[in-house]
Amino acid sequence: FDCAASPDGGAVVTGWHLGVIGFGSFLAVEPAGMYGFVARFDQSGAFLWAHSISTSYYNNLQYPISCAIDPAGNTFIAGRFMATLSLDGVALLVNPDSMGTLLPYVLRFNSLGSLDWAQAVGWGPGPAYLQDMTVDAQGNVLVVGCRGDYHGALMKLDGSNGSPLLQVFATDPVS
């Protein structure tokens, strides 16, 4: 679970739920498994928009982990998923290792709640673990985590389209 404040005093929340969850006019009634959500509120706490995040994996294995809002009011959600990641039932991303590892992802929504882009974030072969995400003053996304060998990894994505701008990996110290 995570929350972030917007420049105008509003907020976004993300996390997962079992069964039923509702915000304002948004109601998600889901079958078994964990379903993710993102919900946006204005500065007075009034509901603006929300989405349900799911996967095609048998127990809906996915975890929204982090959220942020850029200076322009765009909302970013980062998490991990297995199989096919969907937003409100529409497939967005496919994990090539659909039955073995969780793959990190980043989603960007505009201020009205429409999805602008979805990007899988990997750091080479094997599993990748997302730990956190933030957005810089230019609206670019910084994602931090580690590879399957537990070496740290940082990726910078272009906030306007999700394309990778930079990747940095920690290595073993030289003896």
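The values are calculated or read from the model by the stated rules, or taken from the named source; none is laboratory data. All figures in this text were calculated on a predicted structure; none of them were measured in a lab. Using ideal geometry, Cβ is built from the backbone for each residue, glycine included, and neighbour counts are taken over all protein chains shown. Calculation scope for accessible area: heavy atoms of the full protein, side chains included, ligands and nucleic acids excluded. Shrake-Rupley method; radii C 1.70, N 1.55, O 1.52, S 1.80 Å.
Values for this structure:
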quantity	calculated
Translational diffusion of segment 127-175, µm² s⁻¹ [Kirkwood Rh, Cα pairs; Stokes-Einstein; 4 °C; 1.567 mPa s]	113
Residue (of Ile69, Ile21, Thr101) at the positive-pole extreme of the chain, dipole from beta-carbon charges	Thr101
Burial order of peptide ranges 63-70, 158-165 (average beta-carbon count within 10 Å, highest first)	63-70, 158-165
Percent carbon-and-sulfur accessible area, the chain, ignoring ligands, DNA and RNA, probe 1.4 Å	57
Cβ-based net charge around Asp158, under 15 Å, with every Lys or Arg adding one and every Asp or Glu removing one	-1
Check: the chain dipole with +1 on Lys, Arg Cβ and -1 on Asp, Glu Cβ, in debye	160
Which labelled figure in [x] 1.06; [y] 0.94; [z] 0.98 is Rg/Rh (Cα atoms, Kirkwood Rh), once derived from the coordinates	[z]
Sorted peptide list for 78-86, 17-25, 141-149, 111-119, criterion being average Cβ within 10 angstrom, highest first	78-86, 141-149, 111-119, 17-25
